[in-house]
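Note sheet for the following structure.
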Amino acid sequence: MCGIAGLVDQRLQQQDLLDAGSRMLEVMAHRGPDHRGTWCTPPVFLGHNRLSILDLSSGSHQPMSSHGLTITYNGEVYNYVELRAELEAHGHQFHTTGDTEVILAAFRHWGAACVERFIGMWAFAIWNESTQELFCSRDRFGIKPFHYILRDGRLHFASEIKGLRTSPLDRGGLNESQLLRGLYLGWMHHWDETSFVDIKSLPASHNLTWSRGEVRIWQYADITTQPDTSRSFTDNVESFRELFIDSIRLTSRRDVDMGVCLSGGLDSTSIASVLASSTGEHSVKTFTAYYTGTGNVDERPYIDHVLRRYPQIQQQTISPSDTDVAHVFDRVLRLMDAPMPSSSYISQYFVMQLAASHGVKVVLDGQGSDEIMGGYMHSLYRSIADYLRAGKLDDAAKELNHHAARQNYGVRRKLDVLAKSMLAAVRDEPALYRLELGRTAPWIAKMSPASIPLHLEMPSGTRLNAFLYNLMRVTLLPTLLHTEDINSMAFSIESRVPFLDHRLVQLCFSMPNEHKIYRGETKRVLRAAMRGMVPDEVLDRKDKTGFITPGHVAWLRGALSHLLEGDWKDLDWAIDRTALTNVLSAYTRGDNSNALFVWRLAMLRAFIASR
């Protein structure tokens, strides 16, 4: 994990290229404190801030050159050991033990198709001196960031948006459509759009080439969403267990200390349990944030079950105080490069801070599990919708009733779930999100929600898979991965996400709905696969708390209450001032019905003021 920066700019002389690229690297210094390298041959500059994880020697410093190819690279290709052996069989020779040289050799051997062989996370750029072309790639799910500005054939790119804010191509304009998506829907990106007009994000599973001032962008991989009904539940459980353990084996490859972000929920507990039971890890460090007091969630009782099962797990905890939150807020705000749609990302910052204080340079985290196995409440609506669309009314009723019994729902809540499920049965995903956007806060918006562009997909297959596909590509995962990267790299930590091994993702999308959600049980295949490894007390939990923090309610009324003070004229372009005054007044009087929306309003205002 590192920070990369680059320019292909025929209008800049060598010193100008070096100066512009060096400014980008400097503002991203936190991403790679172990070495800074630059390579410049007009019209190209490539730069790299290195966080040494594999092959700690100077031989793996970047930018790295070989056979007329020069690379700057952020991420890890976990199967580099196997790829190296395959390439050696074809006659390639290696002088380092890391994965960077393997990527260069793979590109030389297979060309752009090399990325289809990679298991991992990456964002890289390779300059081909002989063809005078730049080849760039981002991993299948966008775990690693790649941002760029393109104007008049000039291409500037960097790992973080703040790097590109120093570029002479950046004019600083805000992308109002994206800011409103963030306010109403909680998205920090939308395909290639960021919060800034000039700065784009290379979408996940896309490549980019620059050649003689022309840029081509194309998708090299996708998720197949049509379920395979020929495999039994037992078959899929066995395949899932095998692939999940292998994913953790691969993501554990490193030459530095590693830990696990452990929340107490099923996903992170599964990672820690597999590490402790099925790998050669003799000591597993885990890091947890918790909060006590009325209305807060403390997951430590569930973690205690894991600690009793696996005494080699060494738990470290942090409970941020209001003073701690106030102290770090301005830094987190600047780091994010977009308004924070949730206060949970501040808690994540503290978890990474805790890990860094214990000397850890790699963490495993559970991002992606809910998105591939239907862990969110909205997944249930689509699951019931699929039964309704197939005419399986009895199964739809059973699913609804089992879930209601599991969650102790009353009649009113059951009717609400049924209504939303029926809506999901007759409306596709683009229409559903358009409805959500229109209903979020129409009483406060100056402009019509219909004026905000939304692009969602409706792939073939089930309604559930269509929902999950958009979670992965558009609605939620891009935001989760953005903040995961920002918070981990703030402390020079590489965060790895075993659930987003593309083999595991495709397996889950190929499963019938019933293998993911069945009779009120979500992530059914994961629970079955982890039986015997994860304590039953965690596997059989009926609640889903998520990563809950006191932010929306307590912090914004206490440590961060100053964010609600003063003149709100910075939002006059989007928000009706009278309606805003009313919602803020109700919130300060103790009304929590719009607490999350008030948080997003405050974050949008703070972001605009800080840019």
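Please treat every number below as a calculation from the coordinates, not as lab data. No experiment lies behind these values; they were computed from the predicted model shown. With ideal geometry, Cβ positions are generated from the backbone for all residues, glycine too; neighbour counts draw on all protein chains shown.
Per residue and in Å³, how big is the convex hull formed by the alpha-carbon atoms of region 378-462?
Cα convex hull per residue, to the nearest whole number: 100 Å³.
If I histogram all Cα-Cα distances within region 555-610 using bins 10 Å wide from 0, what percent of pairs lands in each bin?
Percent of Cα pairs in each bin: 22, 63, 15.
Calculate, for E82 and S22, the FRET efficiency according to 1/(1 + (r/R0)^6) with r their C-beta to C-beta distance and R0 60 Å; round to the nearest 0.05.
Efficiency, rounded to the nearest 0.05: 0.95.
Quick one: dipole size for region 2-219, taken about the Cα centre, charges +1 on Lys/Arg Cβ and -1 on Asp/Glu Cβ, in debye to the nearest 20.
I would put it at about 380 debye.
Please report Rg over Rh for region 65-174, where both radii come from the alpha carbon positions and Rh follows the Kirkwood definition. Walk me through the intermediate numbers first.
On the way: Rg = 15.3 Å, Rh = 15.1 Å.
Dividing the radius of gyration by the Kirkwood radius yields 1.02.
Taking the Cα centre of region 402-510 as origin, sum charge times position over the Cβ atoms of Lys and Arg (+1) and Asp and Glu (-1), and report the length of that vector in debye to the nearest 20.
600
Run the numbers for D570 and Q10: contour at 0.36 nm per residue of separation, minus the present Cα-Cα distance, in nm.
Working: separation 560, 0.36 × 560 = 201.60 nm, distance 3.80 nm.
Full extension from D570 to Q10 adds 197.8 nm.
So what is the diffusion coefficient of region 204-265 in µm² per second by Stokes-Einstein at 25 °C and 0.890 mPa s, using a Kirkwood Rh over Cα pairs?
149
Taking the Cβ of each residue in R231, R413 as the centre, tally the other Cβ atoms inside 10 Å and list the residues starting with the fewest. Could you put the intermediate results ahead of the total?
On the way: R231 16, R413 12.
By the 10 Å Cβ count, ascending, the order reads R413, R231.
For region 2-219, just list the percent of Cα-Cα distances falling in each 10 Å bin from zero outward, please.
That works out to 8, 35, 37, 16, 3, 0, in percent per bin.
Against the 2.2 N^0.38 Å scaling, with N counting residues, where does region 295-448 land? I'd like the Cα-based Rg ratio to two decimal places. Write out the running numbers ahead of the final one.
Values: Rg = 21.0 Å, N = 154, 2.2 N^0.38 = 14.9 Å.
Expressed relative to 2.2 N^0.38 Å, the Cα Rg reads 1.41.
Going by how many other beta carbons lie within 10 Å of each one, how would you line up E429, E76, fewest first?
Values: E429 21, E76 28.
The order, fewest Cβ neighbours first, is E429, E76.
Just need log10 I(q)/I(0) for region 384-533 at q = 0.08, 0.11, 0.13 Å⁻¹, Debye formula, equal scatterers on the alpha-carbon atoms, no solvent, rounded to two decimals.
Once normalised to I(0) and log-transformed, intensities are -0.31, -0.59, -0.81.
Once region 300-384 is represented by equal point scatterers at the alpha-carbon sites, with solvent omitted, what log10 I(q)/I(0) does the Debye formula produce at q = 0.17 Å⁻¹?
Those come out to -1.01, one per q.
Measuring from label point to label point, each 7 Å out along Cα→Cβ, what is the R503 to D591 span in nm?
That separation, rounded to one decimal, is 5.4 nm.
Which residues does a label at D394 reach in region 403-427, if reach means a backbone N under 12 Å from a point 7 Å past the Cα toward the Cβ?
What the label zone holds, given the 12 Å backbone N cut-off, is no residue at all.
Of the peptides 100-108, 244-252, 310-318, how do they stack up when ordered by the mean number of other Cβ atoms within 10 Å, highest first?
Packing order, densest peptide first, comes out as 100-108, 244-252, 310-318.
Ranking V27, V538 by Cβ neighbours within 10 Å, fewest first, what do you get?
V27, V538
Kirkwood hydrodynamic radius of the chain from all distinct Cα pairs, in Å?
Computed over the chain, the radius equals 25.2 Å.
If only Cα atoms are counted, what is the Rg of region 359-421, and what is its Dmax, in Å?
Cα radius of gyration and Dmax of region 359-421 are 15.9, 56 Å respectively.
Helix by helix through the chain, keep the DSSP H runs that span 27 Å or more along the axis on Cα and average at least 1.6 on Kyte-Doolittle, and give those back in order.
Helices passing the filter in the chain: none found.
Taking R0 as 22 Å, what FRET efficiency do you get between N408 and D536 from their Cβ-Cβ distance, rounded to the nearest 0.05?
Using R0 = 22 Å, I get an efficiency of 0.60.
Compute the relative contact order of the chain as a whole-number percentage, counting only Cα pairs closer than 8 Å that sit 6 or more residues apart in sequence.
Values: 1132 pairs, mean separation 97.4, N = 611.
Here the relative contact order equals 16 percent.
Once amide H atoms are placed 1.01 Å from N in the peptide plane, what residues at a sequence separation of 5 or more from A204, or on another chain, have their amide H within under 5 Å of its amide H?
none
If you place +1 on the Cβ of every Lys and Arg and -1 on the Cβ of every Asp and Glu, how big does the dipole about the Cα centre of region 378-462 come out, in debye to the nearest 20?
Using only the charged Cβ atoms, the result is roughly 340 debye.
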